[in-house]
Amino acid sequence: MKKIGIFFINNNEIIVDSISYEEGRYLNGLYDSNADHWQLFDSLSYKFNTDDYIDVPRGRVIYNEISDNSIIYLDKCFLSNDEVLDKIIEVFGIEKYVLKADIHYQCPNCLEDIWKD
């Protein structure tokens, strides 16, 4: 079953809040969940070694009905991490996908890099 939602990457553990894509909000051919990282973080803060969700690598999975694939938004540090990617694919029931990096899903180290120029 194709799922959508958000996730954190915590020591290669994938912490997920997901729903079936049919339960998500639909706009322009895309299904997305209403889940927010800060809410998931607050409910599971005991799992993290920080007080702020922005310090934890995170991402989101949405579903593109038009192209029949999932879009995985992921911290760019993990785009080539097959172990993490395989876990995300398994947990969300993903068959076809594209990977995308986005400023919303960057770890503190990557965010610092955008200001170095």
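A short reminder: the numbers here are calculations on the coordinates, not readings from a lab. Here the structure is a predicted model, which is why all the values come from computation and not from measurement. Methodologically, a virtual Cβ is constructed for each residue, glycine included, from the backbone with ideal geometry; neighbour enumeration extends over all protein chains shown.
Sorting 28-35, 74-81 by average packing, meaning the other beta carbons within 10 Å per residue, from highest down gives 74-81, 28-35.
Express in nm, to one decimal, how much length is gained between residue 98 and residue 68 on full extension, taking 0.36 nm for each residue of separation and deducting their alpha carbon distance.
On the way: separation 30, 0.36 × 30 = 10.80 nm, distance 1.08 nm.
Taking 0.36 nm per residue and subtracting the Cα distance, the gain is 9.7 nm.
Taking 8 Å as the Cα distance limit and 6 or more residues as the minimum spacing, I'd like the relative contact order of the chain as a percentage. After rounding, I find 27 percent. For the chain, DSSP calls about 85 percent of its internal beta bridges antiparallel. In sequence order, segment 39-52 has phi-based couplings of 5, 4, 4, 4, 6, 10, 4, 5, 7, 10, 9, 8, 9, 10 Hz under the Karplus curve 6.51 cos²θ - 1.76 cosθ + 1.60, θ = phi - 60°, and Gly or Pro positions carry x. Counting neighbouring Cβ atoms within 10 Å and putting the fewest first, the residues 60, 25 line up as 25, 60. Dividing the helix sum by the residues of the chain, where each DSSP H run of 4 or more adds -39500 (n - 2.57), gives a mean residue ellipticity at 222 nm of -6000 deg cm²/dmol. Taking the longest Cα principal axis of the chain as reference, the axis of helix 82-92 is set at about 50 degrees.
Stokes-Einstein, applied to the Kirkwood radius of the chain over Cα pairs at a viscosity of 0.692 mPa s and 37 °C, places its translational diffusion at 227 µm² s⁻¹. So for the pair residue 47, residue 28, with labels modelled 7 Å out along Cα→Cβ, what separation do we get in nm? So the two model labels end up 3.1 nm from each other.
For residue 2, the lysines whose Cα falls under 24 Å of its own Cα, not counting residues fewer than eight places away in the same chain, are 76, 87, 96, 100.
For residue 69, the amide hydrogen comes within under 5 Å of the amide hydrogens of 64, counting only partners 5 or more places away or on other chains and with H modelled in the peptide plane. Counting other Cβ atoms within 10 Å as a rough exposure proxy, the listed residues 87, 47 run 47, 87 from fewest neighbours to most.
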